[in-house]
Amino acid sequence: MCKVSRKADLNHFRIRGLERSLLLKDHHDEISIPYLKLIKINMKNIFKTAHFSKSYRTVFIIWMICLLAHISFNVLAQRPAITFTKEGEKRNAFISEQTKAQLLACQGTLNYPKSVERFYKSKGYALAWVEKENHNRQLAPAMMILDCISQFGLNRQDFHSSELVYEQVKVLDEDPDMLGGGQRAIFDVLMTDAMITFMNHLHYGKFNTALTPSRIDDGGYGDFSAEAKLLQLMESKDFYNEIARVQPSSKEYDDLQKYMHLVRGQYLEDSYEFPEESVKKMTINMERLRWLSASQTPSLIINIPAFTAKMKLRDSVYTFKIIVGKPSSPTPVLESKLIAITAIPDRRVTERMFIEEVLPGAIKNPSYMANNHFAIYDSKGRFVEITAKKLLQIKAQPKGYHARQSEACDHAMGRILFRFAGASDIYLHDMPLSKLARFPQRALSTGCIYIDQAEKLAGLLLIQDGSANGRTLLHTAIVEDKTTDFKLDRPIPLKITYLTCEMIDSQLVIYKDIYAQDRSLEMAMYGYERLLASDKKISSRR
């Protein structure tokens, strides 16, 4: 009798202990597989040693079912798992301890929710990263990318920095059963979004006004699909290097990227003094370079703050000095194609009109010539700078001068006009006064671009287009003062950029921000408070 009582007491202790441990477990984590095994063992021991009546056993079983149902209900209510239906919908919420009070659907947290959805739909909604075979092959390099994200000129906060941590990876690798299905799925989805975000920000830029994140997420825009690329990379043997290849391929970007790797990965890690202002310049200009379409050769690339144009051919690069718009009338950033060259684009004004209308109008009103796009040339075809005194001299002896009227750019287009596709309020043409090229600061026009040695550039374009005698015909037209159009059979990409720094001969060169555009982009990339803190830090060092 005593023996039976002891066994009954022991079973009562086991049952109450099991109940307490289950309820305690309910308040902490989901019931893991090892823990369910422990419950099973305890249940067997209870039934093996117990002298229960049949009715008592039935009551006990019902009690256990109710208890487990209660726990499961509470666990699911507190930590909803990500589930994928056959229709491809995702119902999920974050379940980390830090964000229990702010449960959000994935669509409200992911940077590219539609892209993530398309990725998982293509995989039949199977998880991609948390499987054992992917830990070292894909997950390890993906975490390494996130660890070195600043070396790409990107912000770690954009890549779920609080959730995608090495502690989670360690658990997935060493004891994956400790994490419930919901936790594993959330980690998987966030990592997918992080890698899609990484590729889109690297390829298109985060603040691209033409291809915004929401537009890219809709799909079908741009020359690149991040989710399609990620599907390929899940089978790659060189994940890190292959995913990094989605970056722009231009030399300007590549040079800044390599230097950023050096600065972030070595100089700053080794406490080497490097100006924070320079790091910010590199970061924002790498972002601008991502907005440009894929690098093409040949192409003409104009950098406004550098006052230079570079004609890129397959084996060489030719640099030309330019004049751009004043801050009050800035030259816009754009991409187009050079489609034609016009020799002698200005219309020559008749002698009578020059003497009876142009000269009197210019003498009476100093803005007359600029407003009507007139320019005056001498008998040798040289552009004449106009002053009130010079106008009176010309009026006294008008026979040695003539006037020309341009299409719409300032007051003179010179002898050569480069035409590009699309409507635009600016023009690219010859520099009327070559001495202007010697000025260090050349933001002087009303928006149009004057280019020095325009005939040389035109010749390069005609040779590239396959015109054997194009240069000769162009020069003849200029000498004979005859308006002639030369259509390019193979249009050349034209890119007008705004880059305030670049690498030249392995040195970082910073240009004056003539249109004051850097600050607004810095604010967007760094955030107002962070930028002010950085400014104070820099100021305190001075």
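The values are calculated or read from the model by the stated rules, or taken from the named source; none is laboratory data. Predicted, not measured: the structure shown is a model, and the values here were computed from it. Here the Cβ is made from the backbone with ideal geometry for all residues, glycine too, and neighbour counts use every protein chain on show. Just the protein is used for accessible areas: all its heavy atoms, side chains included, with ligands, DNA and RNA removed. Shrake-Rupley method; radii C 1.70, N 1.55, O 1.52, S 1.80 Å.
Would you say Leu488 is assigned to a loop (DSSP other than H, G, I, E, B) and open to solvent by less than 40 Å² (accessible area, probe 1.4 Å)?
No, not satisfied.
Restricting attention to the stretch 346-362, does a residue exist that is in contact with a Lys or Arg (Cβ under 6 Å, 6 or more places away or on another chain), small (Gly, Ala, Ser) and farther than 22 Å from Ile504 by Cβ? Scanning the stretch 346-362 turns up no residue that is in contact with a Lys or Arg (Cβ under 6 Å, 6 or more places away or on another chain), small (Gly, Ala, Ser) and farther than 22 Å from Ile504 by Cβ. What are the residue pairs meeting all of these: first residue in the stretch 501-520, first residue touching a residue at least 60 places away in the same chain (Cβ under 8 Å), second residue part of a helix (DSSP H, G or I) and among the hydroxyl-bearing types (Ser, Thr, Tyr), Cβ atoms under 8 Å, and 6 or more apart or on different chains? Filtered contacts from the stretch 501-520: Cys501/Ser278; Met503/Tyr259; Leu508/Tyr259; Leu508/Ser278; Ile510/Ser278.
To keep it simple, each residue is scored yes or no on (1) of a type in the set (A, V, I, L, M); (2) under 24 Å from Leu462 (Cβ atoms); (3) within 26 Å of the chain's Cα centre (by Cα).
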position: Pro298; (1), (2), (3): no, yes, yes
position: Met353; (1), (2), (3): yes, no, no
position: Ile363; (1), (2), (3): yes, no, no
position: Met369; (1), (2), (3): yes, no, no
position: His402; (1), (2), (3): no, no, no
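Kindly check whether there is at least one residue in the stretch 401-408 that is over 26 Å from Glu335 (Cβ atoms), open to solvent by 40 Å² or more (accessible area, probe 1.4 Å), in a strand (DSSP E or B) and without any contact (Cβ under 8 Å) to a residue 60 or more places away in the chain. Give the steps one after another, and end with the answer.
Going through the stretch 401-408, the residues over 26 Å from Glu335 (Cβ atoms) turn out to be 401-405.
Next, from what is left, pick out any that are open to solvent by 40 Å² or more (accessible area, probe 1.4 Å): 401, 405.
Going one step further and asking which of them are in a strand (DSSP E or B), we end up with 401, 405.
Narrowing further to those that are without any contact (Cβ under 8 Å) to a residue 60 or more places away in the chain: 401, 405.
Among the residues of the stretch 401-408, at least one is over 26 Å from Glu335 (Cβ atoms), open to solvent by 40 Å² or more (accessible area, probe 1.4 Å), in a strand (DSSP E or B) and without any contact (Cβ under 8 Å) to a residue 60 or more places away in the chain, which makes the answer yes.
For the stretch 214-246: of the residues being over 17 Å from the mean Cα position of the chain (by Cα) and among the hydroxyl-bearing types (Ser, Thr, Tyr), which is nearest to Leu154 (Cα to Cα)? So, considering only residues that are over 17 Å from the mean Cα position of the chain (by Cα) and among the hydroxyl-bearing types (Ser, Thr, Tyr), the one nearest to Leu154 (Cα to Cα) is Tyr240.
Do you know which of the residues in the stretch 315-349 that are charged (D, E, K, R) and open to solvent by 10 Å² or more (accessible area, probe 1.4 Å) is nearest to Asp465 (Cα to Cα)? Outline the logic, then answer.
Narrowing the stretch 315-349 to residues charged (D, E, K, R): 315, 321, 326, 335, 337, 346-348.
Keeping just the survivors that are open to solvent by 10 Å² or more (accessible area, probe 1.4 Å) gives 315, 321, 326, 335, 337, 347-348.
Working: Asp315: 16, Lys321: 23, Lys326: 33, Glu335: 20, Lys337: 13, Arg347: 27, Arg348: 29 Å.
Filtering the stretch 315-349 for residues that are charged (D, E, K, R) and open to solvent by 10 Å² or more (accessible area, probe 1.4 Å), the one nearest to Asp465 (Cα to Cα) comes out as Lys337.
Screening the stretch 205-236 for residues that are touching a Gly at 6+ places or on another chain (Cβ under 8 Å) and in a loop (DSSP other than H, G, I, E, B) and picking the one that is nearest to Asp147 (Cα to Cα) gives Ser225.
Pairs linking a residue in the stretch 107-124 that is under 15 Å from Ala185 (Cα atoms) to a residue that is open to solvent by 40 Å² or more (accessible area, probe 1.4 Å) and small (Gly, Ala, Ser), with Cβ atoms under 8 Å and 6 or more positions apart or on different chains, are Tyr120/Ala126. When Pro440 is tested against the conditions (1) more than 16 Å from Arg415 (Cα to Cα); (2) in contact with a strand residue (DSSP E or B) (Cβ under 7 Å, 6 or more places away or on another chain); (3) not in a helix (DSSP H, G or I), the lone failure is (2).
Find the helices (runs of 4 or more DSSP H) located wholly in the stretch 137-204 whose residues include 2 or more that are under 18 Å from Val246 (Cβ atoms), and list them. Break it down stepwise before answering.
Values: elements: 140-147, 166-174, 181-203.
Hits in the stretch 137-204: 140-147, 181-203.
Residues that are surrounded by fewer than 18 Cβ atoms within 10 Å (Cβ to Cβ) and either of a type in the set (Asp, Glu) or not in a loop (DSSP other than H, G, I, E, B) (or both) within the stretch 443-459 comprise Leu444, Glu455, Lys456, listed in sequence order.
Within the set Ile341, Ile304, the sole residue that is within 15 Å of Tyr427 (Cα to Cα) and either among the polar types (S, T, N, Q) or within 28 Å of the chain's Cα centre (by Cα) (or both) turns out to be Ile304. Being at pLDDT 95 or above, surrounded by 13 or more Cβ atoms within 10 Å (Cβ to Cβ) and outside any helix (DSSP H, G or I) holds for only one residue in Asp481, Asp513, and it is Asp513.
Just for the stretch 265-308: of the residues that are at pLDDT 90 or above and of a type in the set (D, E, K, R), which one is most open to solvent (accessible area, probe 1.4 Å)?
The first filter runs over the stretch 265-308 and keeps only residues at pLDDT 90 or above, leaving 277-292, 298-308.
Filter again for of a type in the set (D, E, K, R), leaving 277, 280-281, 287-288, 290.
Values: Glu277: 86, Lys280: 11, Lys281: 44, Glu287: 3, Arg288: 21, Arg290: 2 Å².
The residue in question is Glu277.
Glu356 satisfies every condition listed in (1) touching a residue at least 60 places away in the same chain (Cβ under 8 Å); (2) not in a loop (DSSP other than H, G, I, E, B) except (1). What are the residue pairs meeting all of these: first residue in the stretch 207-233, first residue open to solvent by 50 Å² or more (accessible area, probe 1.4 Å), second residue among the small types (Gly, Ala, Ser) and in a helix (DSSP H, G or I), Cβ atoms under 8 Å, and 6 or more apart or on different chains? Correct list of pairs: Phe207/Ala524; Leu231/Ser122.
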